[in-house]
Amino acid sequence: MADFNEPQVNEPATAKAPIWRPIVGAVAAVAVAFCGWSAWQYTQGNDPLAFLGSSAFQTVAETDDGAPQITTASDAAATTTTITVTADDVCAAAATLSFDGADVSVASDRVVAVISDGGIWIEQATTDGAAAMVEATARRAAALATWANGQGVGFKQVTWISEDANGAVRMVVRFACEGAPASGDTAALLSSASGYAISGNAFAELGSVAFAQTGGEAPSLPDAAEVPVIASKTADGEVLTETKATNRVVDENGDEVSSKSSVSGDEGNSLSADDSGAVSADAASAQKTDAITVTITVDGSAAGAGSSSATLTLEPGATVYDALASAGVDYNAKSTGYGMYVSSIAGLAEKDHGSMSGWMYSVNGVTAGVACSSYVLSDGDSIYWWYANVEY
(Lines give C-alpha, C1' and ligand atoms only; values in the text may rest on other atoms or scores of the structure.)
Protein backbone atom coordinates (compact mmCIF):
# COMPACT_ATOMS: atom_id res chain seq x y z
CA MET A 1 0.00 0.00 0.00
CA ALA A 2 1.46 3.32 -1.10
CA ASP A 3 2.62 5.79 1.46
CA PHE A 4 1.08 9.13 0.57
CA ASN A 5 3.68 10.80 2.72
CA GLU A 6 6.49 9.68 0.49
CA PRO A 7 7.87 12.41 -1.73
CA GLN A 8 6.46 12.38 -5.36
CA VAL A 9 8.99 11.84 -8.15
CA ASN A 10 8.01 13.56 -11.44
CA GLU A 11 9.01 11.96 -14.69
CA PRO A 12 10.64 14.18 -17.30
CA ALA A 13 8.07 16.24 -19.30
CA THR A 14 9.43 14.93 -22.59
CA ALA A 15 8.43 11.48 -21.63
CA LYS A 16 4.66 12.30 -21.74
CA ALA A 17 4.32 15.11 -24.39
CA PRO A 18 0.67 15.72 -25.49
CA ILE A 19 -0.27 14.04 -28.84
CA TRP A 20 -1.91 17.20 -30.31
CA ARG A 21 1.34 19.10 -30.54
CA PRO A 22 2.61 17.41 -33.73
CA ILE A 23 -0.86 17.81 -35.31
CA VAL A 24 -0.83 21.53 -34.60
CA GLY A 25 2.61 21.75 -36.07
CA ALA A 26 1.52 20.00 -39.25
CA VAL A 27 -1.54 22.24 -39.67
CA ALA A 28 0.61 25.30 -39.16
CA ALA A 29 3.02 24.10 -41.80
CA VAL A 30 0.17 23.55 -44.27
CA ALA A 31 -1.26 26.99 -43.50
CA VAL A 32 2.10 28.64 -44.10
CA ALA A 33 2.46 26.74 -47.38
CA PHE A 34 -1.09 27.66 -48.49
CA CYS A 35 -0.49 31.33 -47.71
CA GLY A 36 2.66 31.26 -49.77
CA TRP A 37 0.89 29.48 -52.64
CA SER A 38 -2.05 31.93 -52.48
CA ALA A 39 0.29 34.90 -52.60
CA TRP A 40 1.94 33.42 -55.67
CA GLN A 41 -1.50 32.82 -57.32
CA TYR A 42 -2.50 36.42 -56.75
CA THR A 43 0.72 37.63 -58.38
CA GLN A 44 -0.26 35.49 -61.40
CA GLY A 45 -3.71 37.11 -61.58
CA ASN A 46 -5.55 33.99 -60.44
CA ASP A 47 -8.15 33.48 -57.72
CA PRO A 48 -6.83 30.87 -55.25
CA LEU A 49 -10.36 30.37 -53.87
CA ALA A 50 -12.01 29.73 -57.26
CA PHE A 51 -12.31 26.02 -56.49
CA LEU A 52 -14.94 26.88 -53.88
CA GLY A 53 -17.41 27.54 -56.75
CA SER A 54 -17.26 23.95 -57.85
CA SER A 55 -20.53 22.05 -58.26
CA ALA A 56 -19.17 19.69 -55.66
CA PHE A 57 -20.14 22.22 -53.01
CA GLN A 58 -23.66 22.85 -51.81
CA THR A 59 -25.13 25.82 -50.03
CA VAL A 60 -28.14 25.98 -47.80
CA ALA A 61 -30.51 28.91 -48.31
CA GLU A 62 -33.61 29.77 -46.39
CA THR A 63 -36.89 30.32 -48.18
CA ASP A 64 -39.40 32.99 -47.24
CA ASP A 65 -41.10 30.59 -44.86
CA GLY A 66 -37.83 29.82 -43.08
CA ALA A 67 -37.52 26.26 -44.36
CA PRO A 68 -34.05 25.34 -45.62
CA GLN A 69 -33.73 24.75 -49.32
CA ILE A 70 -30.80 22.83 -50.75
CA THR A 71 -29.40 24.21 -53.99
CA THR A 72 -26.41 23.27 -56.07
CA ALA A 73 -24.42 25.09 -58.69
CA SER A 74 -26.18 23.07 -61.41
CA ASP A 75 -29.50 24.60 -60.31
CA ALA A 76 -28.26 28.04 -61.32
CA ALA A 77 -28.58 27.18 -65.00
CA ALA A 78 -32.34 27.50 -65.40
CA THR A 79 -33.99 25.64 -68.26
CA THR A 80 -35.77 27.92 -70.75
CA THR A 81 -38.90 26.59 -72.44
CA THR A 82 -40.06 28.27 -75.65
CA ILE A 83 -43.82 28.25 -76.23
CA THR A 84 -44.94 28.69 -79.82
CA VAL A 85 -48.49 29.28 -81.10
CA THR A 86 -49.12 28.99 -84.83
CA ALA A 87 -51.98 30.08 -87.08
CA ASP A 88 -53.02 26.41 -87.26
CA ASP A 89 -53.25 26.36 -83.47
CA VAL A 90 -55.54 29.38 -83.58
CA CYS A 91 -57.80 27.75 -86.19
CA ALA A 92 -57.93 24.59 -84.07
CA ALA A 93 -58.85 26.69 -81.04
CA ALA A 94 -61.70 28.29 -83.02
CA ALA A 95 -63.24 24.84 -83.33
CA THR A 96 -63.44 24.50 -79.53
CA LEU A 97 -64.63 27.94 -78.48
CA SER A 98 -67.30 28.39 -75.85
CA PHE A 99 -68.64 31.54 -74.24
CA ASP A 100 -70.45 31.68 -70.91
CA GLY A 101 -71.06 27.93 -71.16
CA ALA A 102 -72.47 28.06 -74.71
CA ASP A 103 -70.81 26.55 -77.77
CA VAL A 104 -69.64 29.29 -80.17
CA SER A 105 -67.15 27.18 -82.11
CA VAL A 106 -66.56 27.42 -85.84
CA ALA A 107 -64.90 24.69 -87.91
CA SER A 108 -61.16 25.23 -88.29
CA ASP A 109 -61.38 24.99 -92.08
CA ARG A 110 -63.93 27.82 -92.16
CA VAL A 111 -61.57 30.45 -90.78
CA VAL A 112 -58.25 32.00 -91.74
CA ALA A 113 -55.87 33.10 -89.00
CA VAL A 114 -52.96 35.53 -89.07
CA ILE A 115 -50.54 36.16 -86.19
CA SER A 116 -48.55 39.39 -86.24
CA ASP A 117 -46.98 41.77 -83.69
CA GLY A 118 -48.58 40.12 -80.69
CA GLY A 119 -52.05 40.07 -82.20
CA ILE A 120 -54.37 37.51 -83.78
CA TRP A 121 -56.61 38.24 -86.77
CA ILE A 122 -59.41 35.85 -87.72
CA GLU A 123 -61.29 36.05 -91.01
CA GLN A 124 -64.53 34.13 -91.45
CA ALA A 125 -67.16 34.03 -94.18
CA THR A 126 -70.60 33.59 -92.64
CA THR A 127 -74.09 33.26 -94.08
CA ASP A 128 -75.85 33.87 -90.74
CA GLY A 129 -78.49 36.58 -90.57
CA ALA A 130 -77.28 39.93 -89.25
CA ALA A 131 -78.49 39.45 -85.66
CA ALA A 132 -76.98 35.98 -85.32
CA MET A 133 -73.80 37.09 -87.07
CA VAL A 134 -73.22 40.07 -84.75
CA GLU A 135 -73.87 38.04 -81.62
CA ALA A 136 -71.67 35.14 -82.73
CA THR A 137 -68.83 37.40 -83.89
CA ALA A 138 -68.69 39.25 -80.57
CA ARG A 139 -68.80 36.05 -78.52
CA ARG A 140 -66.24 34.24 -80.63
CA ALA A 141 -63.81 37.14 -80.50
CA ALA A 142 -64.12 37.42 -76.71
CA ALA A 143 -63.73 33.67 -76.24
CA LEU A 144 -60.67 33.54 -78.49
CA ALA A 145 -59.13 36.49 -76.63
CA THR A 146 -59.53 34.57 -73.37
CA TRP A 147 -57.92 31.50 -74.97
CA ALA A 148 -55.04 33.59 -76.36
CA ASN A 149 -54.38 35.17 -72.96
CA GLY A 150 -53.98 31.71 -71.47
CA GLN A 151 -51.27 30.63 -73.93
CA GLY A 152 -48.54 32.52 -72.10
CA VAL A 153 -46.95 34.01 -75.21
CA GLY A 154 -47.92 37.65 -74.74
CA PHE A 155 -50.81 38.02 -77.16
CA LYS A 156 -52.26 41.52 -76.81
CA GLN A 157 -55.49 41.50 -78.81
CA VAL A 158 -57.78 39.44 -81.02
CA THR A 159 -59.54 40.89 -84.08
CA TRP A 160 -62.41 38.92 -85.61
CA ILE A 161 -63.56 39.84 -89.14
CA SER A 162 -66.85 38.40 -90.43
CA GLU A 163 -67.49 38.69 -94.17
CA ASP A 164 -70.15 37.87 -96.71
CA ALA A 165 -69.60 35.51 -99.64
CA ASN A 166 -67.99 38.27 -101.71
CA GLY A 167 -65.45 39.07 -99.03
CA ALA A 168 -67.16 42.32 -97.99
CA VAL A 169 -66.74 42.95 -94.26
CA ARG A 170 -70.01 42.56 -92.35
CA MET A 171 -68.52 43.17 -88.92
CA VAL A 172 -65.15 43.54 -87.25
CA VAL A 173 -64.52 43.54 -83.49
CA ARG A 174 -61.36 43.64 -81.37
CA PHE A 175 -60.84 42.58 -77.75
CA ALA A 176 -57.76 42.95 -75.57
CA CYS A 177 -56.60 39.49 -74.49
CA GLU A 178 -56.06 40.49 -70.89
CA GLY A 179 -59.38 40.97 -69.13
CA ALA A 180 -61.52 39.85 -72.07
CA PRO A 181 -65.18 39.46 -71.00
CA ALA A 182 -66.38 35.95 -70.19
CA SER A 183 -70.10 36.73 -70.12
CA GLY A 184 -72.65 39.34 -71.16
CA ASP A 185 -75.11 40.07 -73.95
CA THR A 186 -74.12 41.59 -77.28
CA ALA A 187 -74.49 45.18 -76.10
CA ALA A 188 -72.31 44.54 -73.03
CA LEU A 189 -69.68 42.77 -75.09
CA LEU A 190 -69.43 45.55 -77.66
CA SER A 191 -69.17 48.18 -74.94
CA SER A 192 -66.13 46.36 -73.53
CA ALA A 193 -64.47 45.84 -76.91
CA SER A 194 -61.42 47.88 -77.90
CA GLY A 195 -63.29 48.75 -81.07
CA TYR A 196 -65.88 47.44 -83.50
CA ALA A 197 -67.76 48.33 -86.66
CA ILE A 198 -70.82 46.87 -88.38
CA SER A 199 -71.56 47.35 -92.07
CA GLY A 200 -74.47 49.57 -93.08
CA ASN A 201 -76.31 46.62 -94.62
CA ALA A 202 -76.01 44.42 -91.53
CA PHE A 203 -76.83 47.23 -89.10
CA ALA A 204 -79.95 48.17 -91.06
CA GLU A 205 -81.15 44.57 -90.85
CA LEU A 206 -80.74 44.57 -87.06
CA GLY A 207 -83.51 47.10 -86.54
CA SER A 208 -83.70 48.63 -83.07
CA VAL A 209 -80.72 47.56 -80.92
CA ALA A 210 -79.08 48.77 -77.72
CA PHE A 211 -75.71 49.54 -79.32
CA ALA A 212 -74.32 51.85 -81.99
CA GLN A 213 -73.06 50.85 -85.42
CA THR A 214 -69.46 51.57 -84.39
CA GLY A 215 -67.63 51.99 -81.12
CA GLY A 216 -64.14 52.45 -79.71
CA GLU A 217 -61.09 52.67 -81.92
CA ALA A 218 -61.52 51.42 -85.48
CA PRO A 219 -59.84 47.96 -85.68
CA SER A 220 -56.91 47.72 -88.07
CA LEU A 221 -55.25 45.01 -90.14
CA PRO A 222 -51.74 43.70 -89.38
CA ASP A 223 -50.26 46.40 -91.65
CA ALA A 224 -52.04 49.07 -89.54
CA ALA A 225 -54.55 49.86 -92.32
CA GLU A 226 -58.11 50.23 -91.07
CA VAL A 227 -60.36 47.24 -91.72
CA PRO A 228 -62.60 48.37 -94.61
CA VAL A 229 -66.23 48.43 -93.48
CA ILE A 230 -68.86 50.07 -95.69
CA ALA A 231 -70.82 52.23 -93.26
CA SER A 232 -73.78 53.02 -95.50
CA LYS A 233 -76.48 50.67 -96.72
CA THR A 234 -75.87 49.64 -100.35
CA ALA A 235 -78.36 48.88 -103.09
CA ASP A 236 -76.97 45.38 -103.63
CA GLY A 237 -77.07 44.42 -99.94
CA GLU A 238 -75.18 41.48 -98.50
CA VAL A 239 -74.38 38.29 -100.37
CA LEU A 240 -74.89 35.36 -98.01
CA THR A 241 -74.66 32.43 -100.44
CA GLU A 242 -71.69 30.39 -101.51
CA THR A 243 -69.76 31.69 -104.52
CA LYS A 244 -67.93 29.78 -107.18
CA ALA A 245 -64.66 28.37 -105.87
CA THR A 246 -61.57 27.08 -107.68
CA ASN A 247 -59.85 23.78 -107.11
CA ARG A 248 -56.49 25.51 -107.22
CA VAL A 249 -56.61 27.32 -103.91
CA VAL A 250 -53.61 26.42 -101.78
CA ASP A 251 -52.44 27.21 -98.27
CA GLU A 252 -49.16 28.85 -97.28
CA ASN A 253 -47.36 25.49 -97.61
CA GLY A 254 -48.62 24.97 -101.15
CA ASP A 255 -51.08 22.25 -100.15
CA GLU A 256 -54.46 22.28 -101.86
CA VAL A 257 -57.19 23.36 -99.47
CA SER A 258 -60.25 23.49 -101.75
CA SER A 259 -61.59 21.37 -104.59
CA LYS A 260 -65.19 22.62 -104.55
CA SER A 261 -66.98 23.82 -107.65
CA SER A 262 -70.31 25.52 -107.11
CA VAL A 263 -72.36 28.38 -108.50
CA SER A 264 -74.68 30.63 -106.52
CA GLY A 265 -78.23 31.06 -107.74
CA ASP A 266 -81.02 33.51 -106.92
CA GLU A 267 -82.80 33.55 -103.56
CA GLY A 268 -79.85 31.99 -101.76
CA ASN A 269 -79.91 28.65 -103.61
CA SER A 270 -76.47 27.07 -103.99
CA LEU A 271 -76.30 25.11 -107.23
CA SER A 272 -73.65 22.42 -107.66
CA ALA A 273 -72.09 22.06 -111.09
CA ASP A 274 -71.31 18.70 -112.64
CA ASP A 275 -67.90 17.78 -114.04
CA SER A 276 -68.61 19.63 -117.27
CA GLY A 277 -69.57 22.81 -115.41
CA ALA A 278 -73.20 22.60 -116.53
CA VAL A 279 -76.15 23.40 -114.27
CA SER A 280 -79.82 22.71 -114.57
CA ALA A 281 -82.04 24.71 -116.96
CA ASP A 282 -83.80 26.41 -114.05
CA ALA A 283 -80.46 27.39 -112.58
CA ALA A 284 -79.22 28.74 -115.90
CA SER A 285 -82.39 30.81 -116.25
CA ALA A 286 -81.99 32.17 -112.72
CA GLN A 287 -78.40 33.18 -113.38
CA LYS A 288 -79.20 34.81 -116.70
CA THR A 289 -81.78 37.19 -115.24
CA ASP A 290 -79.33 39.59 -113.60
CA ALA A 291 -76.06 38.41 -115.17
CA ILE A 292 -73.24 40.87 -115.72
CA THR A 293 -70.71 40.93 -118.54
CA VAL A 294 -67.07 41.82 -117.95
CA THR A 295 -63.81 41.55 -119.84
CA ILE A 296 -60.59 40.20 -118.39
CA THR A 297 -57.02 40.48 -119.69
CA VAL A 298 -54.02 38.59 -118.36
CA ASP A 299 -50.74 40.16 -119.46
CA GLY A 300 -47.40 38.52 -118.73
CA SER A 301 -45.50 40.26 -121.53
CA ALA A 302 -43.20 42.12 -119.12
CA ALA A 303 -41.67 38.76 -118.25
CA GLY A 304 -41.63 37.45 -121.82
CA ALA A 305 -44.94 35.59 -121.55
CA GLY A 306 -48.07 36.13 -123.62
CA SER A 307 -51.23 38.14 -123.17
CA SER A 308 -54.81 36.96 -123.56
CA SER A 309 -58.30 38.38 -123.10
CA ALA A 310 -61.81 37.01 -122.63
CA THR A 311 -65.37 38.22 -122.20
CA LEU A 312 -67.20 36.61 -119.30
CA THR A 313 -70.82 36.42 -118.17
CA LEU A 314 -70.97 36.25 -114.39
CA GLU A 315 -73.62 36.25 -111.71
CA PRO A 316 -74.35 39.42 -109.75
CA GLY A 317 -71.95 39.98 -106.88
CA ALA A 318 -69.06 38.26 -108.63
CA THR A 319 -65.60 39.47 -107.70
CA VAL A 320 -62.35 39.96 -109.59
CA TYR A 321 -61.25 36.66 -108.10
CA ASP A 322 -64.38 34.92 -109.44
CA ALA A 323 -63.68 36.34 -112.88
CA LEU A 324 -60.15 34.93 -112.86
CA ALA A 325 -61.49 31.55 -111.71
CA SER A 326 -63.94 31.57 -114.62
CA ALA A 327 -61.46 32.66 -117.28
CA GLY A 328 -60.13 29.17 -118.01
CA VAL A 329 -56.53 30.04 -117.19
CA ASP A 330 -54.41 28.06 -114.76
CA TYR A 331 -53.56 29.89 -111.55
CA ASN A 332 -52.58 29.37 -107.94
CA ALA A 333 -54.05 31.32 -105.02
CA LYS A 334 -53.94 31.19 -101.26
CA SER A 335 -56.20 32.52 -98.58
CA THR A 336 -54.70 35.22 -96.33
CA GLY A 337 -55.89 37.56 -93.61
CA TYR A 338 -56.62 40.14 -96.29
CA GLY A 339 -58.47 37.85 -98.70
CA MET A 340 -57.42 35.67 -101.63
CA TYR A 341 -53.88 36.27 -102.91
CA VAL A 342 -53.02 35.18 -106.47
CA SER A 343 -49.44 33.97 -106.58
CA SER A 344 -49.28 32.47 -110.08
CA ILE A 345 -51.14 32.79 -113.40
CA ALA A 346 -50.49 30.68 -116.50
CA GLY A 347 -47.35 29.21 -114.95
CA LEU A 348 -45.78 32.60 -114.19
CA ALA A 349 -45.30 32.87 -110.43
CA GLU A 350 -44.37 35.61 -108.01
CA LYS A 351 -40.62 36.19 -107.49
CA ASP A 352 -39.78 34.35 -110.73
CA HIS A 353 -38.22 37.59 -111.99
CA GLY A 354 -37.02 39.30 -108.84
CA SER A 355 -37.92 39.41 -105.18
CA MET A 356 -40.68 42.00 -105.78
CA SER A 357 -42.13 40.57 -108.96
CA GLY A 358 -45.70 39.29 -109.03
CA TRP A 359 -49.26 39.81 -110.23
CA MET A 360 -51.33 42.98 -109.80
CA TYR A 361 -54.76 43.94 -111.08
CA SER A 362 -56.80 46.98 -111.96
CA VAL A 363 -60.47 47.56 -112.83
CA ASN A 364 -61.34 50.11 -115.50
CA GLY A 365 -57.76 51.36 -115.42
CA VAL A 366 -57.67 52.00 -111.67
CA THR A 367 -55.41 49.91 -109.44
CA ALA A 368 -57.53 48.51 -106.63
CA GLY A 369 -56.52 48.75 -102.98
CA VAL A 370 -58.30 45.60 -101.79
CA ALA A 371 -57.86 41.88 -102.30
CA CYS A 372 -59.25 40.53 -105.56
CA SER A 373 -61.80 38.48 -103.60
CA SER A 374 -63.17 41.68 -102.04
CA TYR A 375 -63.67 43.72 -105.22
CA VAL A 376 -67.28 43.28 -106.41
CA LEU A 377 -67.71 43.75 -110.15
CA SER A 378 -70.34 45.70 -112.06
CA ASP A 379 -71.70 45.13 -115.52
CA GLY A 380 -69.25 46.31 -118.17
CA ASP A 381 -66.15 46.33 -115.97
CA SER A 382 -62.77 45.73 -117.55
CA ILE A 383 -60.25 43.72 -115.47
CA TYR A 384 -56.54 43.86 -116.23
CA TRP A 385 -54.03 41.52 -114.58
CA TRP A 386 -50.36 42.25 -115.23
CA TYR A 387 -47.02 40.88 -114.08
CA ALA A 388 -45.07 43.69 -112.44
CA ASN A 389 -41.68 44.63 -110.97
CA VAL A 390 -39.69 42.46 -113.35
CA GLU A 391 -35.92 42.32 -112.83
CA TYR A 392 -33.53 41.05 -115.52
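Full extension from S105 to T84: what is 0.36 nm times the residue separation minus their Cα-Cα distance, to one decimal in nm?
5.3 nm
So, counting K/R as plus one and D/E as minus one, what does the shell of residues with Cβ under 13 Å around G154 add up to?
Neighbourhood net charge equals -1.
What does the extension gain come out to for S208 and V390, with contour length at 0.36 nm per residue minus their alpha carbon separation?
60.1 nm
If we sort 156-163, 310-317, 368-375 on the protection proxy, mean other Cβ atoms within 10 Å, highest first, what's the order?
156-163, 368-375, 310-317
Calculate the FRET efficiency for A346 and V366 from the Cβ-Cβ distance with a Förster distance of 35 Å, rounded to the nearest 0.05.
Plugging the Cβ-Cβ distance into 1/(1 + (r/R0)^6) gives 0.90.
Net charge near I198, counting Lys/Arg +1 and Asp/Glu -1 over other residues with Cβ under 11 Å of its Cβ?
0
Carbon and sulfur: what percent of region 103-198's accessible surface (1.4 Å probe)?
44 percent
In Å², and per residue, what accessible area does region 101-255 have when probed at 1.4 Å with the other protein chains present?
44 Å²
By per-residue mean of other Cβ atoms within 10 Å, what is the highest-first order of 290-301, 117-128?
Most protected by this proxy first, the peptides run 117-128, 290-301.
The values are calculated or read from the model by the stated rules, or taken from the named source; none is laboratory data. Please read these numbers as outputs of a predicted model, since none were measured by experiment. Ideal geometry is used to build each Cβ from the backbone, glycine not excepted, and the neighbour counts take in all protein chains shown. Areas reflect the complete protein model, heavy atoms only, side chains present, ligands, DNA and RNA absent. Shrake-Rupley method; radii C 1.70, N 1.55, O 1.52, S 1.80 Å.
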